[in-house]
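A.B. asks: Before I ask anything, here is the structure I am working with.
The values are calculated or read from the model by the stated rules, or taken from the named source; none is laboratory data. Everything quoted here is computed from the prediction, not taken from an experiment. Note that we place each Cβ from the backbone using ideal geometry, even for glycine, and neighbour counts take in every protein chain shown.
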Amino acid sequence: NLQLTKESKKRSEKNNSENFLNDVLNGLHSNPKHLSSKYFYDKKGDELFQKIMAMPEYYLTRCELDIFKNKTEELAKGIRSNHEPFDLIELGAGDAMKSTYLLKHLTEKGTDFTYMPIDISGNILSVLENNLKMQLPDINITPLEGEYFQMLKKAMKLSSRRKVILFLGGNIGNMTRKEAEKFCASLHQLLNIEDIVLIGFDLKKNPFTVLNAYSDKSGITAEFNLNLLSRINRELGGNFNIEQFEHYESYDPITGACRSFLISLKNQQVKIGKETIDFAENEVIDMEVSQKFSKSDIEYLAERSGFSIAGEISDSKDWFVDSIWKV
Ligand code: AVI
């Protein structure tokens, strides 16, 4: 049995690295060139993201933490239904810093639930599991490593209890508007009538505040982006010269799209395995979108994907909102 598990793990690692290679080559052979920010999170990327969350400019984590620390009862009320047992599934759980407040509250109230954190990074999931077992030794936890929908389907098979989905941190903002709509519609299809989604949105605000959060003076966000090129070097046999690329951030306060790019500083050729990619001087790679929303943008997204809004809980500055959606 152990042998089987090992083999299936090896197979899935091979699949993952093949997908990574295909996505990278497709992206870099496109015009404009693009890479997917879902690949930011290797071990180094996880560390850099932890540093980002601690930066003074990066307000998102603190705002949502404010909600989870100070409005825990409101959150719990929003997701509980007649005190029935449920599965609490967190998409992109990371280190679960914020959700731990909710988990603690639910545990103290004697709520019957299983916590199922889903993350693409097995590394961060084991950190999370160790931390939680120390803080809340009695919690039922089933970590699921992989892509959101694959793991959600797995979670659906594991139990038939009511589901509460947490999708925090403004992760939805890392999808384009179209992708977000598709994602929410697929989520809606998968869920049942009593299920609830709690989803975090970073709100449109002073454009300087947003831009500064993604173009910090210390250069951590730049390093976070450049690390993907290093990861390609390490894992796919690339030879990017990191010094020859520079991070550029833009924010459009009308559409709410905050976007990260890497600029090639000269004409250059980069090898990835046997493939060669040409870069012109000043050519950009589109790296990431971090979409900001107005409250009506959120309503529109909920409606378009078949959900109705049952409540919204904001931080004290009204910069971030956790929206409660009913199927
Ligand atoms: C994970 N995600 C919500 C972050 C964001 O704000 O878009 C990723 C990030 N990129 C740069 N800084 C933080």
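A.B. asks: Can you name the residue in segment 239-254 that is crowded, with 20+ Cβ neighbours inside 10 Å and not acidic (Asp, Glu) and, of all such residues, is farthest from the ligand (Cβ to nearest atom)?
C.D. replies: Of all residues in segment 239-254, those crowded, with 20+ Cβ neighbours inside 10 Å come to 240, 245, 249, 251.
From what is left, the residues that are not acidic (Asp, Glu) are 240, 245, 251.
Details: Phe240: 19, Phe245: 16, Tyr251: 12 Å.
Top of the filtered list is Phe240.
A.B. asks: While we're looking at this one, here's another question. May I ask you to list pairs of residues, at least six apart or on different chains, whose Cβ atoms are under 6 Å apart, with the first in segment 260-274 being touching a residue at least 60 places away in the same chain (Cβ under 8 Å) and within 16 Å of the ligand (Cβ to nearest atom) and the second being of a type in the set (D, E, K, R) and part of a strand (DSSP E or B)?
C.D. replies: Ser260/Glu249; Ser260/Glu288
A.B. asks: Then there's this: Would you check if there is a residue in segment 282-302 being free of Cβ contacts under 8 Å to residues at least 12 places away in the same chain, loosely packed, with under 13 Cβ neighbours inside 10 Å, out of contact with any Gly (no Cβ under 8 Å at 6 or more places or on another chain) and of a type in the set (Asp, Glu)? Full working, then the answer.
C.D. replies: Residues of segment 282-302 that are free of Cβ contacts under 8 Å to residues at least 12 places away in the same chain, as a first pass: 296, 299-300.
Among the residues that remain, those that are also loosely packed, with under 13 Cβ neighbours inside 10 Å are: 296.
The next check asks that each one be out of contact with any Gly (no Cβ under 8 Å at 6 or more places or on another chain); those that pass are 296.
Right, trim to of a type in the set (Asp, Glu) and you get none.
No, segment 282-302 contains no residue that is free of Cβ contacts under 8 Å to residues at least 12 places away in the same chain, loosely packed, with under 13 Cβ neighbours inside 10 Å, out of contact with any Gly (no Cβ under 8 Å at 6 or more places or on another chain) and of a type in the set (Asp, Glu).
A.B. asks: Let me ask something additional. For Gly45, state whether it is in contact with a strand residue (DSSP E or B) (Cβ under 6 Å, 6 or more places away or on another chain) and not basic (Lys, Arg).
C.D. replies: In short, no.
A.B. asks: Scan Lys43, Lys98 and give me the residue that is modelled with pLDDT under 95, of a type outside the set (Phe, Trp, Tyr) and under 14 Å from the mean Cα position of the chain (by Cα).
C.D. replies: Step by step, each of Lys43, Lys98 is checked, and only Lys98 is modelled with pLDDT under 95, of a type outside the set (Phe, Trp, Tyr) and under 14 Å from the mean Cα position of the chain (by Cα).
A.B. asks: Just give me the residues in segment 153-174 being away from the ligand (no atom under 16 Å from the Cβ) and either farther than 27 Å from Lys295 by Cα or small (Gly, Ala, Ser) (or both), in sequence order. Walk me through how you get there before you give the answer.
C.D. replies: At the first step, the residues of segment 153-174 found to be away from the ligand (no atom under 16 Å from the Cβ) are 153-165.
The answer is Lys153, Lys154, Ala155, Met156, Lys157, Leu158, Ser159, Ser160, Arg161, Arg162.
A.B. asks: Just wondering, is there one or more residues in segment 189-198 that are touching a residue at least 60 places away in the same chain (Cβ under 8 Å), within 16 Å of the ligand (Cβ to nearest atom) and outside any helix (DSSP H, G or I)?
C.D. replies: yes
A.B. asks: Would you be able to tell me the number of residues in segment 43-93 that are among the basic types (Lys, Arg) and surrounded by fewer than 15 Cβ atoms within 10 Å (Cβ to Cβ)?
C.D. replies: 3
A.B. asks: I would also like to ask the following. Please tell me if Ala185 is of a type outside the set (Lys, Arg), at pLDDT below 95 and assigned to a helix (DSSP H, G or I).
C.D. replies: no
A.B. asks: Could you please let me know if Ile118 is hydrophobic (A, V, I, L, M, F, W, C), in contact (Cβ under 8 Å) with a residue 40 or more places away in the chain, in contact with a Phe, Trp or Tyr (Cβ under 9 Å, 6 or more places away or on another chain) and crowded, with 16+ Cβ neighbours inside 10 Å?
C.D. replies: For Ile118, the condition - hydrophobic (A, V, I, L, M, F, W, C), in contact (Cβ under 8 Å) with a residue 40 or more places away in the chain, in contact with a Phe, Trp or Tyr (Cβ under 9 Å, 6 or more places away or on another chain) and crowded, with 16+ Cβ neighbours inside 10 Å - is not met.
A.B. asks: Regarding Ala257, is this residue surrounded by 15 or more Cβ atoms within 10 Å (Cβ to Cβ), within 16 Å of the ligand (Cβ to nearest atom) and closer than 19 Å to Pro56 by Cβ?
C.D. replies: Working: surrounded by 15 or more Cβ atoms within 10 Å (Cβ to Cβ): yes; within 16 Å of the ligand (Cβ to nearest atom): yes; closer than 19 Å to Pro56 by Cβ: no.
The answer is no for Ala257.
A.B. asks: Considering segment 187-242 alone, what residues qualify as being aromatic (Phe, Trp, Tyr) and farther than 30 Å from Arg162 by Cα?
C.D. replies: The answer is Phe208, Tyr214, Phe224, Phe240.
A.B. asks: Out of Lys104, Lys98, Lys77, Lys133, I need the residue that is within 16 Å of the ligand (Cβ to nearest atom) and of a type in the set (Lys, Arg). Which one?
C.D. replies: Working: Lys104 fails: within 16 Å of the ligand (Cβ to nearest atom); Lys77 fails: within 16 Å of the ligand (Cβ to nearest atom); Lys133 fails: within 16 Å of the ligand (Cβ to nearest atom).
Matching residue, one of Lys104, Lys98, Lys77, Lys133: Lys98.
A.B. asks: Would a scan of segment 207-222 turn up a residue that is surrounded by fewer than 21 Cβ atoms within 10 Å (Cβ to Cβ), of a type in the set (Lys, Arg) and under 28 Å from Asp252 (Cβ atoms)?
C.D. replies: There is at least one residue in segment 207-222 that is surrounded by fewer than 21 Cβ atoms within 10 Å (Cβ to Cβ), of a type in the set (Lys, Arg) and under 28 Å from Asp252 (Cβ atoms).
A.B. asks: Within segment 18-36, does at least one residue satisfy the condition of being surrounded by fewer than 13 Cβ atoms within 10 Å (Cβ to Cβ), in contact with a strand residue (DSSP E or B) (Cβ under 8 Å, 6 or more places away or on another chain) and either modelled with pLDDT of 95 or more or closer than 24 Å to Met151 by Cα (or both)?
C.D. replies: yes
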